[in-house]
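Notes to accompany the following structure.
Every number here is computed from the coordinates shown, using simple stated rules; none is lab data. Note that the structure is predicted; figures quoted are calculated from it, not measured. Glycine gets a Cβ as well: all are built from the backbone with ideal geometry, and neighbour counts include every protein chain shown.
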Amino acid sequence: MSQPDRRLIDDEQLMARAACGNRRAFEVLFDRHADLAFSLAYRICRRRAMAEDVVQEAFLSMWRGADRYERARGSVRSWTLSIVHSRAIDALRRAKLRDGVDIDDLQLPEPATDDGLVEAEVLRREDTRQIREALGALPPEQRQVIELAYLCGLTHTEIASALGLPAGTVKGRIRLGLERLRRALDTGPAIVAARA
């Protein structure tokens, strides 16, 4: 009996196989997500070599930590992009320090000492928690496009290309997802749509 075509196996099944040491399964995941990962890394870093290094580090980290992937926390694509995003920010910070930028010029937030600032930070964290819960309650296809648009900064066209969907489908999913988020959060005006 022949092996099933790995292109027909979903990402979560491939990640489970990768967690058991299956290199071929991980290669298929890499082939599926490397272009989008590079696009995100390049958008953040603005340097091709740095973006390539970021993608390599991210996928190496994913290979080594494949057993830490949790399906309940998001898709493999979202997990991949969050790792790439984090690695790209780290790479930028390292480059700034290496290039002699003073740590004070990185504009890191000062610790809150004023009671009003502490209260504002507590409220911000509560808002963040509510947004995460509302995102988690969305249908997966709506959550995925919203995360790609707002957390990764991709345009409708880039999302459509990455997911192999028509641009109209992407726009529709974003619109429906944002409407659900607005109702869940009861914030009044709609969230601004992602760039076309």
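Remarks
- Applied to segment 143-153, the Karplus parametrisation 6.51 cos²θ - 1.76 cosθ + 1.60 on θ = phi - 60° returns per-residue 3J(HN,Hα) values of 4, 4, 5, 5, 4, 5, 6, 9, 8, 9, x Hz, with x for Gly and Pro.
- Annotation note: GluC sites (Glu not before Pro) in segment 18-96 located in DSSP loop regions with a Cβ neighbour count of at most 13 within 10 Å are 70.
- FRET efficiency estimate (nearest 0.05) - Cβ-Cβ, residue 161 to residue 24, R0 35 angstrom: 0.85
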